[in-house]
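The block underneath contains the structure these notes are about, expressed in C-alpha cells.
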C-alpha cells in the first residue's frame, strides 16, 4: 500500500510503500521502519480514537485491517494496491 504523509506530517515522515499480508501478519517494503514504531506505540496505548470519535481497540493490528488502517490513518493517507509479492506490484494478493 502507498503511504502519503498527512499535511501536518509532511516534514517529519516520508512518502513510502509497505506490503502487508493479513494472513501471516508480515510487513515488507521500504516503509516498514516508519510503520513498525507506529504499530508498537498503538499497541502500548491499547486503543485509538478516530477523527469521528470512534474508539478502536488495538491488540493485533497486523491481523486486522480495521486496526492497521486506524493506526496508519493517524499519520498517512493510505492508498491500497493489492499485489501478490513486494517484487510485483501489478499482481494479486497482498495489500
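Suppose we filter 39, 58 for residues that are modelled with pLDDT of 95 or more, out of contact with any strand residue (DSSP E or B) (no Cβ under 7 Å at 6 or more places or on another chain) and closer than 17 Å to residue 74 by Cβ; which single one remains?
That would be 39, the only listed residue that is modelled with pLDDT of 95 or more, out of contact with any strand residue (DSSP E or B) (no Cβ under 7 Å at 6 or more places or on another chain) and closer than 17 Å to residue 74 by Cβ.
If you take the residues of segment 4-20 that are buried (at least 17 other Cβ atoms within 10 Å of the Cβ) and either under 11 Å from the mean Cα position of the chain (by Cα) or free of Cβ contacts under 8 Å to residues at least 24 places away in the same chain (or both), which of them is nearest to residue 66 (Cα to Cα)?
20
For segment 21-37, give me each residue that is assigned to a helix (DSSP H, G or I) and exposed (fewer than 13 other Cβ atoms within 10 Å of the Cβ).
Answer for segment 21-37, where residues must be assigned to a helix (DSSP H, G or I) and exposed (fewer than 13 other Cβ atoms within 10 Å of the Cβ): 33, 37.
Rundown of residues vs (1) in contact (Cβ under 8 Å) with a residue 60 or more places away in the chain; (2) part of a loop (DSSP other than H, G, I, E, B); (3) within 17 Å of residue 2 (Cβ to Cβ), yes/no style:
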residue: 39; (1), (2), (3): no, no, no
residue: 42; (1), (2), (3): no, no, no
residue: 48; (1), (2), (3): no, no, no
residue: 51; (1), (2), (3): no, yes, no
residue: 66; (1), (2), (3): no, no, no
residue: 69; (1), (2), (3): no, no, yes
residue: 77; (1), (2), (3): yes, no, yes
residue: 81; (1), (2), (3): yes, yes, yes
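Would it be correct to say that residue 6 is more than 18 Å from residue 61 (Cβ to Cβ) and in contact with a strand residue (DSSP E or B) (Cβ under 9 Å, 6 or more places away or on another chain)?
The answer is yes for residue 6.
Out of segment 53-63, which residues are touching a helix residue (DSSP H, G or I) at 6+ places or on another chain (Cβ under 9 Å) and in a loop (DSSP other than H, G, I, E, B)?
54, 58, 59, 60, listed by residue number.
Which of (1) surrounded by 13 or more Cβ atoms within 10 Å (Cβ to Cβ); (2) closer than 18 Å to residue 21 by Cα; (3) in contact (Cβ under 8 Å) with a residue 12 or more places away in the chain does residue 59 not meet, given it meets every other one?
Checking residue 59 against (1) surrounded by 13 or more Cβ atoms within 10 Å (Cβ to Cβ); (2) closer than 18 Å to residue 21 by Cα; (3) in contact (Cβ under 8 Å) with a residue 12 or more places away in the chain, the one that fails is (1).
The values are calculated or read from the model by the stated rules, or taken from the named source; none is laboratory data. Since the model is a prediction, treat every value here as computed from it, not as a measurement. All Cβ positions, even for glycine, are placed from backbone atoms using ideal geometry, and neighbour counts span all protein chains on display.
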